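Structure record follows, encoded as structure tokens.
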Amino acid sequence: MMIRIIGAEDDPKSEEPARKIRLFQGEGLLVSLGLFGFVLAAICVVWMLFYGSEVAPYGNVSKAASFNAALGIFLISTAAVLPLSAMSARGKAIFRWSYVMLSLYSYFAENVQNMRGMNPRFVKGGTSFDLAVAAGFTLVAMLLIVFYCVLAVAFFRSRSYELRPELVLAIRYAMVAVLISFAAGIWLSMTGSRLTGGNGNMIWLHGLGFHAIQAVPFVAWLSERTSLRPQDRCKWVHMAGGAYMIGLLEVGWQTWIGGAMLELSPLPLLALFFFLLSIGVGCYMLWQSVVGKKRSKVSRPSLELEG
């Protein structure tokens, strides 16, 4: 007598190796540090309710609140993808603790200085303490970029890709976008203002680049839950990541020429189109994952006795 499983051979996922590496695996510390950013943002909001956002002469607590939330999201997103880098345990520990120390300094400088009425980056008429904090902030920002470059390189190795191909492919796109965002941050620091040209605002490029690390991997995560073949899932991830990158480059070009993003001109409209295309791929993957679950329920493998 032989037992045969009916329907399993038609499932493309049945041929894939078991996935052992999970998002956030072993990165509770970075997640906690990211959540700490939201706590600090909430404290800043309470401060503003009682005292307002402006702190004479140059502080602005609303900027500290947005910085805390943004850094918190970034740290949590980094914690999600770090296990898939295939770095050694020692390499991940070095990156993790480096980012912990650098992020703690960033939280300190941004919040304390703004609440003291000082710009944490560009000091005007400050004390030696203020100058030292600003110099330290510049060094910390550069080290954050250096360590992230090391992390980005790790995702372009084959041993990382083999862990979860769709997700790592998406992370590769996200890493390039994050590095562009870091470049925009350097540009902003060199000019001393987020404004450039007539109406350009570097904060668009800076912010959208960082959000790639949430947007594109999410599409890949959804694709893993579809019944599509692995090669087809990778094609959709390429489309989502490529569209996001083209949209980001359009934003960068518009910023470089000093144009505003909220105007009806070719570059902003093209950027909007490609970002919507990337979102559309995500919506399609979501629909496919729902359809795939329904199909799997209808065609569950059944046991048949053969004698």
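Observations on the structure shown:
- Rounded to the nearest 20 debye, dipole of the chain from Cβ charges on Lys, Arg, Asp, Glu: 440 debye
- Between Leu286 and Lys124, full extension at 0.36 nm per residue minus the direct alpha carbon distance yields a gain of 53.3 nm.
- Sites Arg157 and Leu23 - FRET efficiency at Förster radius 25 Å, r taken between beta-carbons, to 0.05: 0.85
- Of the residues Leu151, Gly197, Ser88, the one whose Cα sits farthest toward the positive end of the charge dipole of region 74-220, with +1 on the Cβ of Lys and Arg and -1 on the Cβ of Asp and Glu, is Ser88.
- CD proxy at 222 nm, helix term only [per DSSP H run n ≥ 4: -39500 (n - 2.57); per residue of the chain; nearest 500]: -24500 deg cm²/dmol
- Karplus-based coupling profile of region 83-93, in residue order and whole Hz: x, 8, 6, 6, 6, 5, 4, 5, x, 5, 5, with θ = phi - 60° in 6.51 cos²θ - 1.76 cosθ + 1.60 and x standing for Gly or Pro.
- Debye, to nearest 20: dipole size of region 207-293, +1 on Lys, Arg Cβ, -1 on Asp, Glu Cβ: 400 debye
- When the charge dipole of the chain is built from unit charges on Cβ atoms (+1 for Lys and Arg, -1 for Asp and Glu) and taken about the Cα centre, the candidate among Ala177, Met48, Ile21 whose Cα reaches farthest toward its positive end is Ile21.
- Per residue, the convex hull around the alpha carbon atoms of region 176-264 comes to 87 Å³.
- Relative contact order of the chain, pairs being alpha-carbon contacts under 8 Å that are 6 or more residues apart, as %: 21 percent
- Net charge of neighbours whose Cβ lies under 15 Å from the Cβ of Ile186, counting Lys and Arg as +1 and Asp and Glu as -1: +2
- Viscosity 0.692 mPa s, 37 °C: Kirkwood-radius Stokes-Einstein D of the chain over Cα pairs, µm²/s: 152 µm²/s
- Portion, in percent, of the accessible area of the chain that falls on carbon or sulfur, probe 1.4 Å: 69 percent
- Annotation: Lys124 carries an accessible surface of approximately 120 Å², with a 1.4 Å probe and no ligand, DNA or RNA atoms counted.
- Label-point gap, in nm, between Phe50 and Phe38 - each point 7 angstrom along Cα→Cβ: 2.3 nm
- Ligands, DNA and RNA are left out, and with a 1.4 angstrom probe the accessible area of the chain is 53 Å² per residue.
- For region 153-203, the Kirkwood radius over C-alpha pairs fed into Stokes-Einstein at 4 °C and 1.567 mPa s yields D = 102 µm² per second.
The values are calculated or read from the model by the stated rules, or taken from the named source; none is laboratory data. This structure is a prediction, so every number in the text was calculated from the model and none was measured. Positions of Cβ are generated from backbone atoms using ideal geometry, with glycine treated the same way; all protein chains shown enter the neighbour counts. For the accessible areas, the whole protein counts, side chains as well, though only heavy atoms, and no ligand, DNA or RNA atoms are used. Shrake-Rupley method; radii C 1.70, N 1.55, O 1.52, S 1.80 Å.
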